[in-house]
Amino acid sequence: MIEAGEPNDLPSLWSHEPHAELMFQPGDKVADIDTEATPGFRGTKSDAPTLQAERNVRFAELQEKLYANSRSGDTRSVLLVLQGMDTAGKGGIVKHVVGGGNPQGIQYRSFGKPTAEELAHHYLWRIRKALPAAGHIGVFDRSHYEDVLIVRVHNLVPPDVWQPRYDEINAFERELVNQGTSIVKVAMFVSLDEQKRRLAARLERPDKYWKYNPADIDERLKWPAYQEAYQAMLDRTSTAYAPWHIVPCNRKWYSRLAITELLIETLKRLNMSWPPPDFDVAAEKKRLASA
Ligand code: AMP
Ligand code: MG
């Protein structure tokens with residue numbers, strides 16, 4: 001639905017609105033995801049560079065509006081949650097999509113293995129501390145969902161500890177939405193073959209070694225257990241107020257375009273205009289002319 005004040009500027013290369021096309025539906029199966037697909041997009045890879053550049057500009061404009069409004073008291077914010085196996089392209093989204101915005105209004109945070117201090121607290125402790133301030137777009141590169149993914153797969157805590165977390169996460173996100181944070185949850189899926197190619201490429205390039213972690217292979221060997229954990233995550237935590245979106249990521253150009261549109265759509269729904277001046281523009285022009 002298009003809100004007043006914001007044009008429906010979805011490029012015609014999209015045959016379907018990505019947020020609707022990619023939204024998780026009850027019954028969707030992780031095992032059935034076609035990671036090569038480009039749902040809703042009728043263009044090709046050759047259309048991507050120009051379109052991505054255009055949409056980065058649109059995203060940046062909306063992001064600036066969100067930030068500008070917070071300066072005059074609007075407390076709303078956006079939280080982008082990126083989940084995916086290694087090499088799914090989370091870092092690429094941060095660099096090529098969110099990176100098109102103004103760092104002034106972006107709060108990036110990646111979540112790795114918890115520190116001793118973090119482990120001593122409730123798992124949402126470090127998450128709450130990283131939530132976006134008013135007017136900001138928070139980006140979670142991994143998130144509280146690790147506490148029902150790697151934690152479940154590796155039995156880092158017993159089932160009676162991780163099982164209640166789905167409901168707890170739903171309640172937590174409900175609270176965030178009630179406080180004015182729009183949550184954009186993106187589950188990024190690559191195929192096992194594509195992951196192997198991407199890991200191999202990292203091992204060929206000294207400038208990519210920093211992204212490689214020998215433990216990635218251990219996680220890869222647990223792919224079926226991860227598929228099960230991702231399925232449970234989608235089934236249990238895709239809510240009307242914070243739905244998951246399933247993004248096929250074998251084609252990086254597609255996943256970047258799609259996630260850009262998810263962010264643009266979310267920002268447009270905030271139905272923002274530029275904050276009006278809290279001064280007399282004509283009077284200020286006169287003052288400036290003679291200053
Ligand atoms: P990367 O994102 O490549 O830097 O890797 C971070 C690693 O930290 C991944 O293997 C995550 O699964 C792991 N990690 C993130 N959160 C948690 C958590 N709560 N408990 C255990 N491991 C985690
Ligand atoms: Mg990694």
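Here, each number is a calculation from the coordinates, and none is a lab measurement. This one's a predicted model, so the numbers in the text were calculated from it and none came from an experiment.
Given the convex hull over the Cα atoms of region 18-270, what projected area results after averaging over all orientations, in nm²? Numbers along the way, then the final one.
Details: hull surface 54.9 nm².
Mean shadow area of the hull around the Cα atoms is 13.7 nm².
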The set of residues whose placed amide H lies less than 5 Å from the amide H of Trp14, leaving out same-chain residues fewer than 5 positions away, is Arg42
Interchain or long-range residues, amide H under 5 Å from Leu80's placed H: Gly138, Val139, Phe140, Val184
How far is helix 165-178 tilted, in degrees, relative to the longest principal axis of the Cα atoms in the chain, given as a value from 0 to 90 rounded to the nearest 10? 0
Taking the Cα atoms only, what angle lies between the long axis of helix 252-269 and the longest principal axis of the chain, rounded to 10 degrees? 50
Most fluctuating residue given options Phe172, Phe279, Phe41, as computed from a GNM of the chain linking Cα atoms under 10 Å: Phe279
Contour excess over end-to-end distance, with Cα ends at Trp274 and Leu119 and 0.36 nm allotted per residue: 51.5 nm
Among Trp210, Trp14, Trp253, which one shows the biggest mean-square fluctuation in a GNM of the chain, springs joining Cα atoms closer than 10 Å? Trp210
GNM result for the chain, Cα springs below 10 Å: residue of Val247, Val98, Val30 fluctuating most strongly: Val30
Expressed in µm² per second, the diffusion coefficient of region 53-140 from the Stokes-Einstein equation, with Rh the Kirkwood radius over alpha carbon pairs, at 20 °C and 1.002 mPa s, is 151
